[in-house]
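Structure first, then comments.
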Amino acid sequence: MTGYYHPARDRLWVGLLAVGCAVTALWALDILPGLAFPLVGGLTVAAWAAGPRLHDVRPRRPWRLLTAAALFFLAGVVLRALLEAQPYPLAQLGDAFSVCGFGLFIAGMLAFLNRWGLNRHALLDGLIVCIGAAIASALLFVLPATTIPGRPLLVSVIAGLYPLLDAVVVLIGVNLAFTTAVRQPAFVLLGAMMLMLFAGDLWYAIIGRTGDVNGPRLIDLPFLLAFTLGGAAALHPTARALGRATPLPIQAWSPARMLVIGPAVAMPFVLTVLPGHETPLARWILGAGGAAIVALLLVRASDAVQSHAAAQRRFEHQATHDPLTGLPNRRLLALMVERLLSEPKPGDVWMFYLDLDGFKLVNDSWGHPAGDRLIVEVGTRLRHALPAEATVARVGGDEFVVVRRCVEPEAMADARRIMECVERPLLLAGPEGTGAEVVVGASMGIVRAERHDTADALMRDADTAMYRAKEQGRNRWAVFDASMRDAVRERVEIEVALRAAVAQEQLSIAYQPIVDLTDGRGERTAGAEALVRWEHPVRGWIGPNMFIAVAEDANLISALGAWVLRESVQQLAGWRAAGIVGEDFWLSVNVSPRQLGDAAFAERLAATLEQARVPARNLVLEITESVMVEGSELTERLLRRLRELGVRICVDDFGTGFSALGYLRRHPVTGVKIDRSFVGGLGGNLQDEEIVRAVVAMSSALNLSVVAEGVETVAQRDVLAALGVPLAQGWLWGKAVPPGEFAATLATLPAWDRVGEPAAVRSD
């Protein structure tokens, strides 16, 4: 439960801080002269021992070292107070514990630094500050302390050792501060503790210049505060953040950093002009220290320049290369193509623009990491399969471009090599050690550069040819010709006109009857399919195969589909109100996968049906097989919500895609529509008859309705009736016509006047 917020536990640091400050204040007033250090020190030892466990801090080794350091510090302070009046060397026993405490404290802080990772620039800056501090300590405190006459050597060594240990603490503290960009409260408290230690030792060093080893009582005040701040740091919830650093992206000499480094750099020069440092040893310290600082500054400046150059190269590479494959990206490819086009060399510049077929299925089935591995593998294969002078680039999610100067036979050979290397099976690792061999294809457009072509024009034409290859059946290539450019221009013009037509509701809806074959004559009208039509004022009739595809590509299909649904439901409501159709007459409307990707689709449809007062069971939504295969969890939930409303769902063009019994069982569909390609051969093709028979048997087992589309002859109708297909539609009963004409046609056909619906069309 350590990862959850716990008010009492997470405020322990406030209590320790308050107790420590209160005890320190009482000690300063001489109220607790002998109990302050044991009490505050003991609390700090307990906090450093228990705090990391309370907050599940990892790693715990630095805190164990700090706990041991606190014990030695506490023992040193207590022994120094108890043995103050004892003769040498017993009086120095407390200093021995304090020096050991320094060693453990430095080891603990180094463990934090090791966990964070040493940054070269932070280390160089820290060394500059450390050397500056060491020079000042040596000249101002260490040398005076060691030259005091009549004092035992051990006392002088200890007096001179503290300032040098403080210089090491400064080095570690500066490195910690310079290594991380985020300084949490626990870090600030720990840093404040180090400052208090430094302040206390500095005070002792100042009085030590005159030979004193024990100053006034308040000289120990910084150490009490250091204990308090250190204990609060261990109990603060952000102590767990001390186990990791937030690296600085650039180790720049910022103004704040220069405030720390500047005095250290100036220290040798300032001390040189001050009196009292004329001895050979002092001059040697100043010279060696100053030279070391200058050397470190030169190394730091050189590193900064090299790092800047490396960062510049890295940024340039990132700006011109794909981060996943390392191949040139679209920007660099354009520059390389322009250079190729400008070179007066023999041969033509050929561009191959390929898009992977089946990549989305790999992503959806195996996840994006598997898709990334596939992309990397395809890029590697292309580089190895093609000549060294060929340029391979990645210009999109699953799109690659190859450019090469060569003659036409070599270009065609390259095209074959590209297709072969893409189609080779690839082993993908799945979760829990599973794996599978996947095969993808590629649709590729090929274009040869003309004299005045640009890189953008070449990529545009290659992309156009690639889409032509997709239209021709995928997994193939197409060579660009001028007619494709005209087709693209026409498609763009159609898109512009379609946007206006959708916005201004200039399209129309035609209705084709769906008849009941169970009465033996196939004349009873059971329902109708609503089909959108578009007659352009200039171009005239535009087939749905053309403008529906454009609507899909232009992201207009959702608006178009919503309009068709709304108009169709309102038309059905009008027919019902006028008594033209019976209560059980139903309407079938096509919906696109994009519509089914809208989470609010079901609720909007429910509102439309309620407003028109049309029961949901009188509406059938036709979906494609791809919705079942490629649909997301959102689509699955949406289909189930539609069934809860009472709307029926039929699989259109059944048998032409990924037809599988498993998909029908897993998804809440209520019927299938047999594609016209299987109906056209009925009466003369036994294979088509067997396919239809199998579909009927499967649908009957799953309690699904069956509709056959594309019926044009009496023979086809009779075979369907004999095979047990209950519903059919096609030109045999009429083409799709406007609503007025359809209503007039209904008047000449027998109405479906039975209450309820045929068993083949379920609504539950």
- Filtered residues of region 327-366 (kept if open to solvent by less than 40 Å² (accessible area, probe 1.4 Å) and either in a strand (DSSP E or B) or free of Cβ contacts under 8 Å to residues at least 60 places away in the same chain (or both)): P328, V349, W350, M351, F352, Y353, L354, D355, L356, D357, N363
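Yes/no matrix, rows are residues, columns are (1) open to solvent by 40 Å² or more (accessible area, probe 1.4 Å); (2) at pLDDT 90 or above:
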residue	(1), (2)
A69	no, yes
V77	no, no
P87	yes, no
L90	yes, no
D95	no, no
C100	yes, yes
A111	no, no
N114	yes, no
G117	no, no
- Of those in region 678-735 that are assigned to a loop (DSSP other than H, G, I, E, B) and β-branched (V, I, T), the residue farthest from V620 (Cα to Cα) is T713
- Query: When you look at D688, is it of a type in the set (D, E) and open to solvent by less than 50 Å² (accessible area, probe 1.4 Å), yes or no?
  - Reply: yes
- Query: When the residues of region 235-261 are filtered to those that are outside any helix (DSSP H, G or I) and open to solvent by 90 Å² or more (accessible area, probe 1.4 Å), which remaining residue is modelled with the highest pLDDT?
  - Reply: W253
- Task: Determine the pairs where a residue that is within 15 Å of A46 (Cα to Cα), located within region 1-27, has a partner that is modelled with pLDDT under 90 and open to solvent by 40 Å² or more (accessible area, probe 1.4 Å) with Cβ atoms under 6 Å apart, the partner being 6 or more residues away or on another chain.
- Result: R9/L54
- Would you please list the contacts, defined by Cβ atoms under 8 Å and residues six or more apart or on different chains, that run from a residue in region 51-64 that is closer than 17 Å to L229 by Cα to a residue that is crowded, with 22+ Cβ neighbours inside 10 Å and modelled with pLDDT under 85? P62/F112; P62/L242
- Message: Looking for something more than 29 Å from the chain's Cα centre (by Cα), closer than 24 Å to L727 by Cβ and either open to solvent by 40 Å² or more (accessible area, probe 1.4 Å) or among the hydroxyl-bearing types (S, T, Y) (or both) - is there at least one such residue anywhere in region 592-610?
- Response: no
- Query: Could we say that E389 is assigned to a loop (DSSP other than H, G, I, E, B) and at pLDDT 90 or above here?
  - Reply: yes
- Item | Criterion (in a loop (DSSP other than H, G, I, E, B), out of contact with any helix residue (DSSP H, G or I) (no Cβ under 6 Å at 6 or more places or on another chain) and closer than 22 Å to I557 by Cβ) met by exactly one of E490, E450, E505 | E505
- Options W563, W534; residue that is of a type in the set (F, W, Y), over 18 Å from Q595 (Cβ atoms), surrounded by 15 or more Cβ atoms within 10 Å (Cβ to Cβ) and modelled with pLDDT of 85 or more: W534
- Note: among A309, A304, A264, A292, just one is under 30 Å from N114 (Cβ atoms), surrounded by fewer than 15 Cβ atoms within 10 Å (Cβ to Cβ) and out of contact with any Cys (no Cβ under 7 Å at 6 or more places or on another chain), namely A309
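The values are calculated or read from the model by the stated rules, or taken from the named source; none is laboratory data. Predicted, not measured: the structure shown is a model, and the values here were computed from it. Reconstructed Cβ throughout: ideal geometry from the backbone, glycine too, with neighbour counts over all protein chains shown. Just so you know, the surface numbers come from the protein's heavy atoms only, side chains and all, with ligands and any DNA or RNA stripped out. Shrake-Rupley method; radii C 1.70, N 1.55, O 1.52, S 1.80 Å.
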